[in-house]
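For reference, the structure is listed below as structure tokens.
The values are calculated or read from the model by the stated rules, or taken from the named source; none is laboratory data. Worth saying up front: this structure is predicted, and the values here are computed from it rather than measured. Note that we place each Cβ from the backbone using ideal geometry, even for glycine, and neighbour counts take in every protein chain shown.
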Amino acid sequence: MKAIPTKLAQCFVIEPMVFNDSRGYFFESFNQKTFNSLVEQSVTFVQDNESYSTKGVLRGLHFQKGEWAQAKLVRVVKGRVLDVAVDIRKESPTYGQHISVELTEDNKKQLFVPRGFAHGFVVLSDTAIFSYKCDNYYNKASEGGIIYNDTTLNIDWKLPSNELIISEKDSILPTFETL
């Protein structure tokens with residue numbers, strides 16, 4: 001397993017070593033000791049989540065505030081998504097910047113999204129199963145978000161806006177400027 005730094009401070013693409021043979025493949029998707037060494041911090045995940053979505057479903061941009069902030073390790077089990085992380089840590093040198101990474105069942109890449117980031121994804125394949133680990137428990141009173149089409153962030157979601165499927169809750173999130 002290797003960690004590839006992104007342009008965002010403390011945010012990494014994680015690439016596993018995949019062993020293929022005539023039977024299929026094997027890879028270690030997570031190892032606590034190896035992961036902490038790669039990201040050069042101690043992260044203990046306490047919750048695993050999974051979602052199933054169809055093409056065009058956009059979930060995000062979400063985050064947890066204060067003591068309930070969450071770091072996430074995200075991956076795609078089936079399908080293909082465009083995964084987006086936005087640095088919302090005001091003291092960070094990469095504040096207000098974002099990255100987009102294509103995560104697929106074939107490339108098996110993962111994205112480590114540290115605490116203090118907003119996160120979202122859009123499904124590019126017909127369907128997708130998206131899995132992620134969190135290092136803190138969800139707290140409804142601490143949830144926050146940024147509207148997906150924020151003009152300051154100017155995220156290219158790789159699909160025309162008329163093909164996006166967005167929940168009512170996500171369609172009324174505030175802008176980045178109001179954080």
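Just to be sure before I move on: is Glu67 of a type in the set (Asp, Glu) and part of a strand (DSSP E or B) in the structure I sent? No: the conditions fail for Glu67.
Of all residues being aliphatic (A, V, I, L, M) and in contact with a helix residue (DSSP H, G or I) (Cβ under 9 Å, 6 or more places away or on another chain) in the stretch 141-179, which is surrounded by the fewest Cβ atoms within 10 Å (Cβ to Cβ)? Just the residue, please.
Going residue by residue through the stretch 141-179, those that are aliphatic (A, V, I, L, M) are 141, 146-147, 153, 155, 159, 164-166, 172-173, 179.
Retained after the next criterion (residues that are in contact with a helix residue (DSSP H, G or I) (Cβ under 9 Å, 6 or more places away or on another chain)): 141, 146-147, 153.
Details: Ala141: 8, Ile146: 26, Ile147: 18, Leu153: 19.
Within the stretch 141-179, the match that is surrounded by the fewest Cβ atoms within 10 Å (Cβ to Cβ) is Ala141.
For the stretch 111-140, filtered to residues that are under 15 Å from Ala85 (Cβ atoms) and β-branched (Val, Ile, Thr), the residue that is surrounded by the fewest Cβ atoms within 10 Å (Cβ to Cβ) is Val122. Restricting attention to the stretch 69-110, the residues being crowded, with 20+ Cβ neighbours inside 10 Å and among the charged types (D, E, K, R) number 4.
Counted as qualifying within the stretch 97-179 are the strands (runs of 3 or more DSSP E) with 1 or more residues that are over 22 Å from Pro16 (Cα atoms), namely 98-104, 117-123, 127-134, 143-145. Candidates are the residues of the stretch 20-60 that are without any contact (Cβ under 8 Å) to a residue 12 or more places away in the chain and surrounded by 11 or more Cβ atoms within 10 Å (Cβ to Cβ); the one that is nearest to the chain's Cα centre (by Cα) is Asn36.
Return a yes/no flag: does the stretch 68-86 have any residue that is modelled with pLDDT of 95 or more, of a type in the set (Asp, Glu) and over 16 Å from Asn49 (Cα atoms). No, the stretch 68-86 has no match at all.
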